[in-house]
Every structure is written in C-alpha cells, then in structure tokens.
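These notes are about the structure you will find just below.
The values are calculated or read from the model by the stated rules, or taken from the named source; none is laboratory data. Everything quoted here is computed from the prediction, not taken from an experiment. Here the Cβ is made from the backbone with ideal geometry for all residues, glycine too, and neighbour counts use every protein chain on show.
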Amino acid sequence: MEKLDLRLAAAAEFVKEGTVAADIGTDHGYLICHLVNEGICKRGFATDINIKPLESAKALIKELELEDKIETILTDGLAGLPEDEIDEILICGMGGETIIGILEKAKWVKSEMVHLVLQPMSRADMLRRWLCENGWNIDDEKAVEVEKHLYTVMSASYIGGSETPDEFYCLTGELAGQYDEYAVKYLRWQANIQRGIASGLLRSEKEKEHALKHIQLADMLDEQADETEAEI
Ligand SMILES: C[S@@+](CC[C@H](N)C(=O)[O-])C[C@H]1O[C@@H](n2cnc3c(N)ncnc32)[C@H](O)[C@@H]1O
C-alpha cells in the first residue's frame, strides 16, 4: 500500500494500538486500511455518506485482502455504527463545522472509552471551542503543511464537564509552545489571519475596538512564535 500523505500519517500516529476504529468520511480508505494493515487497529469500519468514495474504499480493502477486518458502511456520520464495538473515531479531511455536526448527533461518543482523532480542513478554532465546552480534552495536536496550507491534527479524550477556552487557546490549541517548525508556522499563519481580519474591520470607525482585539491576538501569536523559535 502507498505511504500515507503527511496529514493522514499524522492522524495515524495518534491512533491507539489495539483499538477498533471507525474512519468517518473514509473516501479512498487509505487511513483505515493503513491502520488495520499495519496491525495498529484490530478491526475497523470505513464509512462514507457517498457511494462513490465508499466503492473506492471497498476496492482498496479487497486489494489488501482486509474484507474480514474492515466493514464498509454507507451512512451519514456515525449513524447506525455499532457503538459498543468502536473505541477510536477518526474524522479527517472535513470542515470543523461538519465534524462538530457529526459528533453532536452521536451522543454515545461522549464516553471515556472513546478516543477521537480529528483533522479539520477549516474552522479548527470552532472545533477546539466545541470540544472544550462539551467535555473533551485536547490531549495533543500536530501541525502539518500540505501544499502551502497548514492544518492541525487533534487527539482528544472525553473527561466530562465543560470548559470555556479563551480566544488564544481556540486559535492555537496544543500547538502553542510546541518546539516544532510547523507548529510555529501555524502560529504565524494564525497571526496573519488575525491581522487580515483587523485590517478589514479598521475600514469602519465603529469596528475599531473589535479590530484592536484581533491585533492584540495577532501580537500574542507572534510573541509565542518568537519565544518558541528562539528555543528551537
Ligand atoms: C475530503 S474527503 C476526506 C477523505 C479522508 N478522510 C481524508 O482525510 O483524506 C471527505 C469525505 O467525507 C465524506 N463525507 C462528507 N460528509 C460526511 C458525513 N456527514 N458522513 C460521512 N461522510 C461524509 C465525503 O463523501 C468524502 O468522501
């Protein structure tokens, strides 16, 4: 089987050994096939809301002779999956809002027995906030750069309760302070986004205060990046 791309390889690194994983929105099936083929996961479920991607996952599963270990399911998110069998949920390559929508509809995932590996393509800030407010602890993150875009991959465990994260945490999560080139790049990229938002807002006098909040966040992000870079 071909090597995973950087994004999926980072996701695979967070998967706990010996688990039964559900790869939601599997598309080509690369991630779940890698995990089962390498013996990281005992078994798995490959799901997709669309038949065409599921067919391509099925073809890869067949090619690798993993039919007895990976079941394919055509479904929306986690609907209809065997809750008592799954302890690892992987949702990669979707927008943060879609990931939240999928998790929100499946109350059973709120369990200490379930571990999440999430890789949002957008709105990582919104996803971090939602996770913290809904009892999830973000254990770790890894930044990856793919075709000049920076993405984060998150590992999260359910601890219950509800935390209200600050804006800085929502923007950086567990990447702030990580001695890693791509984590620092991620902070700088976030700082640029904040400056862009601020410059848009500054066109209107009544949004000045709002703009200053974004400038302050950008400064904090750059400061954190400077401090970490000095230590690398
Ligand atoms: C961009 S692909 C990502 C594929 C793979 N997970 C990755 O990260 O490379 C997104 C896939 O998610 C599927 N998808 C989108 N919304 C979904 C949902 N609510 N439930 C299941 N699959 C979904 C799409 O059909 C598509 O195959």
Quiz item: Considering ARG203, ARG195, ARG188, which residue is over 21 Å from VAL146 (Cα atoms), touching a residue at least 12 places away in the same chain (Cβ under 8 Å) and not hydrophobic (A, V, I, L, M, F, W, C)?
Solution: ARG195
Quiz item: Got at least one residue in the stretch 101-120 being assigned by TED's automatic domain parsing to the domain that holds TYR158, within 15 Å of ALA11 (Cα to Cα) and not in a strand (DSSP E or B)?
Solution: no
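Of the residues that make up the stretch 66-82, is at least one among the basic types (Lys, Arg) and either out of contact with any Gly (no Cβ under 8 Å at 6 or more places or on another chain) or within 11 Å of the ligand (Cβ to nearest atom) (or both)?
Residues of the stretch 66-82 among the basic types (Lys, Arg): 69.
Among the residues that remain, those that are also either out of contact with any Gly (no Cβ under 8 Å at 6 or more places or on another chain) or within 11 Å of the ligand (Cβ to nearest atom) (or both) are: none.
Looking through the stretch 66-82, none of the residues is among the basic types (Lys, Arg) and either out of contact with any Gly (no Cβ under 8 Å at 6 or more places or on another chain) or within 11 Å of the ligand (Cβ to nearest atom) (or both).
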Self-check item: Odd one out for LYS3 among (1) surrounded by fewer than 18 Cβ atoms within 10 Å (Cβ to Cβ); (2) modelled with pLDDT of 95 or more
Solution: (2)
Self-check item: Single match in GLU145, GLU174 (criterion: buried (at least 17 other Cβ atoms within 10 Å of the Cβ), under 23 Å from the mean Cα position of the chain (by Cα) and under 23 Å from LEU8 (Cα atoms))
Solution: GLU174
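Can you tell me which residue within the stretch 83-99, out of those that are near the ligand (Cβ under 8 Å from one of its atoms) and either assigned to a strand (DSSP E or B) or of a type outside the set (Ser, Thr, Tyr) (or both), is nearest to PHE45 (Cα to Cα)? Even if it seems obvious, please write down each step before you answer.
Let us first name the residues in the stretch 83-99 that are near the ligand (Cβ under 8 Å from one of its atoms), namely 90-94, 98.
Now drop any that are not either assigned to a strand (DSSP E or B) or of a type outside the set (Ser, Thr, Tyr) (or both), which leaves 90-94.
Working: LEU90: 10, ILE91: 12, CYS92: 14, GLY93: 17, MET94: 18 Å.
So, considering only residues that are near the ligand (Cβ under 8 Å from one of its atoms) and either assigned to a strand (DSSP E or B) or of a type outside the set (Ser, Thr, Tyr) (or both), the one nearest to PHE45 (Cα to Cα) is LEU90.
Any residue in the stretch 14-27 that is charged (D, E, K, R) and within 9 Å of the ligand (Cβ to nearest atom)? Break it down stepwise before answering.
Taking the stretch 14-27 first, the residues charged (D, E, K, R) are 16-17, 23, 27.
Next cut, within 9 Å of the ligand (Cβ to nearest atom) only: 23, 27.
Yes, the conditions are met somewhere in the stretch 14-27.
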Quiz item: Within the stretch 131-146, which residues are modelled with pLDDT under 95 and assigned to a loop (DSSP other than H, G, I, E, B)?
Solution: none
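Just the residues that are within 15 Å of the ligand (Cβ to nearest atom) and not basic (Lys, Arg), please, taken from the stretch 52-65.
PRO53, LEU54, GLU55, SER56, ALA57, ALA59, LEU60, ILE61, listed by residue number.
For THR47, are the conditions met, namely being surrounded by 23 or more Cβ atoms within 10 Å (Cβ to Cβ) and of a type in the set (S, T, N, Q)? Explain how you work it out, then say what you get.
On the way: surrounded by 23 or more Cβ atoms within 10 Å (Cβ to Cβ): yes; of a type in the set (S, T, N, Q): yes.
Yes.
Name the one entry in SER162, SER204, SER155, SER199 that is small (Gly, Ala, Ser) and within 17 Å of GLN119 (Cβ to Cβ). Walk me through it before giving the result.
Numbers: SER162 fails: within 17 Å of GLN119 (Cβ to Cβ); SER204 fails: within 17 Å of GLN119 (Cβ to Cβ); SER199 fails: within 17 Å of GLN119 (Cβ to Cβ).
Exactly one of SER162, SER204, SER155, SER199 is small (Gly, Ala, Ser) and within 17 Å of GLN119 (Cβ to Cβ), namely SER155.
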